[in-house]
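The values are calculated or read from the model by the stated rules, or taken from the named source; none is laboratory data. Worth saying up front: this structure is predicted, and the values here are computed from it rather than measured. Methodologically, a virtual Cβ is constructed for each residue, glycine included, from the backbone with ideal geometry; neighbour enumeration extends over all protein chains shown. For the accessible areas, the whole protein counts, side chains as well, though only heavy atoms, and no ligand, DNA or RNA atoms are used. Shrake-Rupley method; radii C 1.70, N 1.55, O 1.52, S 1.80 Å.
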Amino acid sequence: MFSALSNKVTAILGDHSNSVETRLEEVCRLLRDTIPYYDWVGFYFRNGDKEELKLGPFAGEPTDHTTIPFGKGICGQVAVSNQNFVVPDVSAQDNYIACSITVKSEIVVPLFKDGENIGQIDIDSKTIDPFTKADEEFLEFVNAEVSKIL
Ligand code: SME
C-alpha cells in the first residue's frame, strides 16, 4: 500500500501548476482517503520565530487547535523533541490535546528543512494502536518530499 502511495505523493508534490498549499492539502486528502485508519491528516508548521505551531493544510474535521504552543500536546512535544511520537492509546497520555472524543490514537512525525524542525505531519485515528514502523517510514518519506518544495 505504501509504495504505490509514495509515487502518488511525489506526483502531487511535483505538480507546479498548483500552489504549495494546494499540493499539501491534496496529499492530506490522498492519505486520509486511502489509508483506512487515517481519519484526520494535517500539517502544522512553526509560526515564524514564535515558540508555537500553526495549523496548515489538513483533511478531516476542522479542529479548534489551530495554534499549539511548543511543549503542549503530542504536537507541541514533537516540536521540541525532534522525534517521531507514536501514541497507540491517547487515553494513556497526560500531555495530550483532544481534538475529538472519537480519536483513539495518533502519530506525529517531525518535518525537517536543512536539518531544522520546521513542522510536522499529524495523523489522528479512530482505531486503537494501528500504527507500525511502516507508517513512521512512510510519513518520514512524505515529509522529506514536502521539505523539497518548501
Ligand atoms: N492531538 C494533538 C492536537 C492536534 S489534533 O490531533 C488535530 C496533540 O495532542 O498535540
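At-a-glance table
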{"quantity": "Environment charge of Ala92, counting only residues whose C-beta is closer than 11 Å and scoring Lys/Arg +1, Asp/Glu -1", "calculated": "-2"}
{"quantity": "Percent carbon-and-sulfur accessible area, the chain, ignoring ligands, DNA and RNA, probe 1.4 Å", "calculated": "50"}
{"quantity": "Gyration tensor verdict on region 1-67 (Cα atoms; rounded if a/c is under 1.5, prolate if a/b is larger than b/c, oblate otherwise)", "calculated": "oblate"}
{"quantity": "Full-extension gain in nm, Asn18 to Ser81, via 0.36 nm per residue minus C-alpha separation", "calculated": "19.4 nm"}
{"quantity": "Rounded accessible area per residue of the chain, 1.4 Å, Å²", "calculated": "50"}
{"quantity": "Partner lysines for Lys54 [C-alpha distance under 19 Å; skip if fewer than 8 residues away on the same chain]", "calculated": "Lys72, Lys113"}
{"quantity": "Theoretical gain in end-to-end length, Glu145 to Ser100 [0.36 nm per residue, Cα-Cα removed]", "calculated": "13.3 nm"}
{"quantity": "Share of alpha-carbon pairs per 10 Å distance bin for region 76-133, given as whole %", "calculated": "24, 52, 22, 3"}
{"quantity": "Per-pair calculated FRET efficiency, R0 = 25 Å: Asp33 and Asn117 via Cβ, rounded to 0.05", "calculated": "0.35"}
{"quantity": "Net charge over other residues, Cβ less than 13 angstrom from the Cβ of Pro69 (K, R count +1; D, E count -1)", "calculated": "+2"}
{"quantity": "Whole-number percent relative contact order across region 2-149, with pairs defined as alpha carbons under 8 Å at least 6 apart", "calculated": "23"}
{"quantity": "Net length gained if the chain between Lys54 and Ala92 were fully extended (0.36 nm per residue, minus Cα distance)", "calculated": "11.2 nm"}
{"quantity": "Distance between region 69-131 and region 14-47 - C-alpha centres, whole angstrom", "calculated": "16"}
{"quantity": "Inter-site label distance for Thr10 and Thr132 at 7 Å from Cα along Cβ, in nm", "calculated": "2.3"}
{"quantity": "Share of alpha-carbon pairs per 10 Å distance bin for region 16-108, given as whole %", "calculated": "16, 46, 33, 5, 0"}
